[in-house]
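Asker: Take a look at the following structure, please.
The values are calculated or read from the model by the stated rules, or taken from the named source; none is laboratory data. This is a predicted model, so every value here is computed, not measured. Glycine also receives a Cβ, built like all others from the backbone with ideal geometry; neighbour counts cover every protein chain displayed. Remember, those area values only see protein heavy atoms, side chains included, never the ligands or the DNA or RNA. Shrake-Rupley method; radii C 1.70, N 1.55, O 1.52, S 1.80 Å.
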Amino acid sequence: MGSRLERCRLIELPSKPDARGNLSFIEGGIHIPFDIQRVYYLYDVPSGISRGAHGHRQLEQFILAMSGSFTITLDDGIDKKTFELNKPNVGLYIPAMLWRDLNEFSSNAVCMVLASRKYEEEDYFRDYDAFVDYAHAGREK
Ligand code: TYD
């Protein structure tokens, strides 16, 4: 098993193009590696604003730019990796225990998030230092 950052990956979804346009689909456990318990989305994000700035203990997510573009920087407490999302048929799989910052939202961006768990505030790390301490303690076990 590689590091958590190595387990993050862009996943290209199936697309059915025809003269009427494109259709893509996502089945939990098939196209993405978890069952979908929740969907939420960010839109009308003002220019220059950052979102995210948190980590999750257990939550896995799959994030898509349904429209427009934005960047996601993932951080395991040591290394960072940045992805640009700009296609509605290519999303980013994010396992648990990664800090994420979302930036550079284009004016028409819609960021859709598929999540493996219901909303649980206790699953969040909202303090970066606490996240790093916990991530490093886990590594030493
Ligand atoms: P937050 O997770 O802080 O947003 P960001 O994606 O920028 O980190 O969530 C903003 C608010 O929305 C916060 O009050 C919690 C609430 N919220 C829910 O009630 N349910 C949800 O599924 C999510 C993702 C957020």
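Asker: By the gyration tensor of its Cα atoms, with a ≥ b ≥ c the square roots of the eigenvalues, what is the shape of the range 76-120: rounded for a/c under 1.5, prolate for a/b over b/c, or oblate?
Answerer: Judged from the Cα gyration tensor, the range 76-120 comes out oblate (a/c at least 1.5, b/c at or above a/b).
Asker: Report, to two decimal places, the Cα Rg of the chain normalised by 2.2 N^0.38 Å (N = number of residues).
Answerer: Normalised by 2.2 N^0.38 Å, the Cα Rg of the chain equals 1.07.
Asker: With all protein chains present, calculate the accessible area of T82 using a 1.4 Å probe and round the result to the nearest 10 Å².
Answerer: Looks like 90 Å² after rounding.
Asker: Sticking with this structure for a sec: Output ³J(HN,Hα) for the range 60-76: one whole-Hz value per residue in order, computed from phi by the Karplus curve 6.51 cos²θ - 1.76 cosθ + 1.60 with θ = phi - 60°, and x for Gly and Pro.
Answerer: 3J(HN,Hα) across the range 60-76, in whole Hz: 9, 9, 10, 10, 10, 8, 5, 8, x, 8, 6, 10, 10, 9, 10, 9, 9.
Asker: If r is the Cβ-Cβ distance from S106 to I11 and R0 is 25 Å, what FRET efficiency results, to the nearest 0.05?
Answerer: Efficiency at R0 = 25 Å is approximately 0.70.
Asker: Might you work out the accessible area of I26 for me, using a 1.4 Å probe with all protein chains in place, and round it to the nearest 10 Å²?
Answerer: Answer for I26: close to 50 Å² accessible.
Asker: Per residue, what accessible area does the chain have, given a 1.4 Å probe and all protein chains present, in Å²? Each step should come with its number before you reach the end.
Answerer: Working: 8100 Å² over 141 residues.
Per residue, the chain has 57 Å² of solvent-accessible surface.
Asker: Quick check: the angle from helix 128-140's long axis to the longest principal axis of the chain, C-alpha only, nearest 10 degrees?
Answerer: 70 degrees
Asker: Please list, in order along the range 6-17, the HN-Hα scalar couplings obtained from phi with the Karplus expression 6.51 cos²θ - 1.76 cosθ + 1.60 (θ = phi - 60°), rounded to whole Hz, x for Gly and Pro.
Answerer: After applying 6.51 cos²θ - 1.76 cosθ + 1.60, I find 5, 7, 5, 7, 7, 10, 8, 8, x, 10, 10, x Hz.
Asker: Let me ask you something else. Pick out which of K80, K118, K16 has the largest mean-square fluctuation in a Gaussian network model of the chain, springs linking Cα atoms closer than 10 Å.
Answerer: Evaluated over the chain, the most mobile residue of the options is K16.
Asker: How much accessible area does Y128 have with a 1.4 Å probe, in Å² rounded to the nearest 10?
Answerer: 80 Å²
Asker: Go ahead and estimate [θ] at 222 nm for the chain from helices alone: -39,500 (n - 2.57) per DSSP H run with n ≥ 4, summed, over the residue count, rounded to 500. Don't skip to the answer; put the middle values down first.
Answerer: Numbers: 2 runs with 17 residues, N = 141.
For the chain, the value works out to -3500 deg cm²/dmol.
Asker: In the chain, carbon and sulfur make up what percent of the accessible area (probe 1.4 Å)?
Answerer: Carbon and sulfur atoms account for 48 percent of the accessible area of the chain.
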